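Have a look at the structure below, then the notes.
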Ligand SMILES: C[S@@+](CC[C@H](N)C(=O)[O-])C[C@H]1O[C@@H](n2cnc3c(N)ncnc32)[C@H](O)[C@@H]1O
């Protein structure tokens, strides 16, 4: 079922009252500017040699952990890059749900996938998901955790809405190993003045549910695979 424009605007007003922090407003403002060019800019950090992590996600992680016929949740879905990826893999998905805080990014995603009846896009904060417990068979998030103030909260929320035994894959920018990390650490504060992003710890450890931990591009990109406990 696709969500109507009216439904999205209603969700947005709810979101504003429940989220309303300066950080989220800043993210919405930044992505309003970026959204029209986002799909063209994306290869800057996912193209060529920097694309290993995304290729690994697509070729190794999705086929193994996203079961055929799955209901899939995409956290910080943006313009729908992960939906394109799922379609490319050919894994049949019964329902794809993308959640994003930016109306501008979601607007692009809705435009691109208006033909796909199994795709739904919602405005919302990934730290406060409005889905019931044990809803999804697989969840993923690419390049969105870097914006989220409390990563553990977003990950715990994602695990809550996953079914028992289901997996969550998260891919994010991280601080590379020494000495490659030096320029990143130096540039980050300047970068942050313009754009609300941070490079996370490549050895980010979640106390629960971490199944795999992969580093790419000397640690500039980190991919984590978490599993919801069978008995949670
Ligand atoms: C760099 S884009 C990544 C988009 C997409 N996942 C991709 O791989 O192209 C980051 C996205 O995260 C979204 N985002 C940031 N903080 C969020 C939050 N707290 N809740 C939901 N979405 C958020 C932004 O609006 C933006 O669309």
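Taking the numbered list (1) buried (at least 21 other Cβ atoms within 10 Å of the Cβ); (2) within 16 Å of the chain's Cα centre (by Cα) in turn, residue 146 passes all entries but (1). Scanning the stretch 164-175 for residues that are free of Cβ contacts under 8 Å to residues at least 60 places away in the same chain and more than 20 Å from residue 78 (Cα to Cα) yields one hit, 175. Just so you know, in the stretch 126-156 the residues that are over 22 Å from residue 196 (Cβ atoms) and in contact with a strand residue (DSSP E or B) (Cβ under 8 Å, 6 or more places away or on another chain) include one that is farthest from the ligand (Cβ to nearest atom), and it is 134.
For the stretch 196-219, the criterion of being out of contact with any strand residue (DSSP E or B) (no Cβ under 6 Å at 6 or more places or on another chain), in a loop (DSSP other than H, G, I, E, B) and farther than 18 Å from residue 154 by Cα is met by none of the residues. The single residue among 7, 46 that is surrounded by 12 or more Cβ atoms within 10 Å (Cβ to Cβ) and modelled with pLDDT under 50 turns out to be 7.
Table: residues versus (1) in contact with a helix residue (DSSP H, G or I) (Cβ under 8 Å, 6 or more places away or on another chain); (2) under 22 Å from residue 84 (Cα atoms); (3) surrounded by 17 or more Cβ atoms within 10 Å (Cβ to Cβ); (4) without any contact (Cβ under 8 Å) to a residue 60 or more places away in the chain.
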{"position": "124", "(1), (2), (3), (4)": "yes, yes, yes, no"}
{"position": "162", "(1), (2), (3), (4)": "no, yes, yes, no"}
{"position": "194", "(1), (2), (3), (4)": "no, no, no, yes"}
{"position": "220", "(1), (2), (3), (4)": "yes, no, yes, no"}
{"position": "225", "(1), (2), (3), (4)": "yes, yes, yes, no"}
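When the stretch 72-122 is filtered for residues that are under 16 Å from the mean Cα position of the chain (by Cα), part of a loop (DSSP other than H, G, I, E, B) and over 18 Å from residue 137 (Cα atoms), the ones remaining, listed by number, are 78, 79, 80, 101, 102. Report the residue count in the stretch 164-181 for those that are assigned to a loop (DSSP other than H, G, I, E, B) and either touching a strand residue (DSSP E or B) at 6+ places or on another chain (Cβ under 7 Å) or buried (at least 19 other Cβ atoms within 10 Å of the Cβ) (or both). So the count comes out to 2. Residues in the stretch 77-102 that are touching a helix residue (DSSP H, G or I) at 6+ places or on another chain (Cβ under 7 Å) and within 9 Å of the ligand (Cβ to nearest atom): 77, 78, 79, 80, 85, 98, 100, 101, 102. Exactly one residue out of 40, 60 is more than 10 Å from the ligand (Cβ to nearest atom) and either more than 24 Å from residue 163 (Cα to Cα) or in a strand (DSSP E or B) (or both): that is 40.
The values are calculated or read from the model by the stated rules, or taken from the named source; none is laboratory data. Only a predicted model underlies this, so the values are computations on that prediction, with no experimental measurement involved. Glycine also receives a Cβ, built like all others from the backbone with ideal geometry; neighbour counts cover every protein chain displayed.
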